[in-house]
Amino acid sequence: MSTIDPRDEPDPMRPDGPHGADRPHGGGPDATGSGNADAIDAEFARLTEGLSFDDTPLTVDDVLADAQEDDEPCIAVVATSVAVSRALAGAIRLGREARTDGIDIPVGARVVDAESGALAVGDLREPQAHDLAAIVSTALQRNGVVLFWRRGDRMTATRYRNGERGEEISPALVLGGLADTVEQLLLGGLSLDELGEGIDPSSITRTQALQWIAQGRKRRW
């Protein structure tokens, strides 16, 4: 029969026990795992800084609606008082050079003739449409222009002067003083292809631009 008191037996879980003596100080493996968890939490906090998780999550319908909106055709029409398209194309070409903010003539933009004055048009998204209007109004300086933009049921009209965006106005207030071509384009009764090829202002040289401007005459509304 053993005379050893069980209370005198070494406790393997105690630091001074037979196995505990070899353990690293600071809590052993648990300390390393806790350190890794803290590092992961800190990195996650850094990556998500400024994000809000309180926003309503997107549904499948939201995603499909956004995709359908992106697929909707859009059209931009910048109405000017320039008499002929060649003069306007030349002005736009030089207007791009005058800009100091780096915006460029949008791909797909072209200039066509209309009875009320030459138009800068294109199948452009809203930001590119405003870039085009800014360049046109920079070229024409104090002679204001109006940007019409439409996608689906939404139509806007925005004044531009001296390269600066002005107030938004009701399209109906301005359309009455313009050629029917503008309204037909915006309402879908006329397509850009039906207007012909037009002139791509980004494709002409500076010399051409100066010559065309000199030959053109401004028409007032």
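Spin-label pair residue 172-residue 97: with each label point 7 Å from Cα along the Cα-Cβ axis, the two points sit 4.4 nm from one another. Mind checking the full-extension length gain between residue 154 and residue 215? Use 0.36 nm per residue of separation minus the Cα-Cα distance, one decimal, nm. Full-extension gain reported as 18.2 nm.
Each Cα pair under 8 Å and six or more residues apart adds its sequence gap; the mean of these over the residue count of the stretch 62-221 is a relative contact order of 32 percent.
Please give the peptides 103-109, 126-132 ranked by average Cβ packing (other Cβ atoms within 10 Å per residue), highest first, as a rough proxy for protection. Please list the in-between numbers first.
Values: 103-109: 17.9, 126-132: 20.6.
Ranking, from highest mean packing down: 126-132, 103-109.
Measuring r between the beta carbons of residue 141 and residue 190 and using R0 = 25 Å, the FRET efficiency lands at 0.25.
Each reported figure results from applying straightforward, stated rules to the coordinates on display, with no laboratory input. What you see is a predicted model; the values in this text were computed from it and never measured. Cβ: placed from backbone, ideal geometry, glycine included. Neighbour counts: every protein chain shown.
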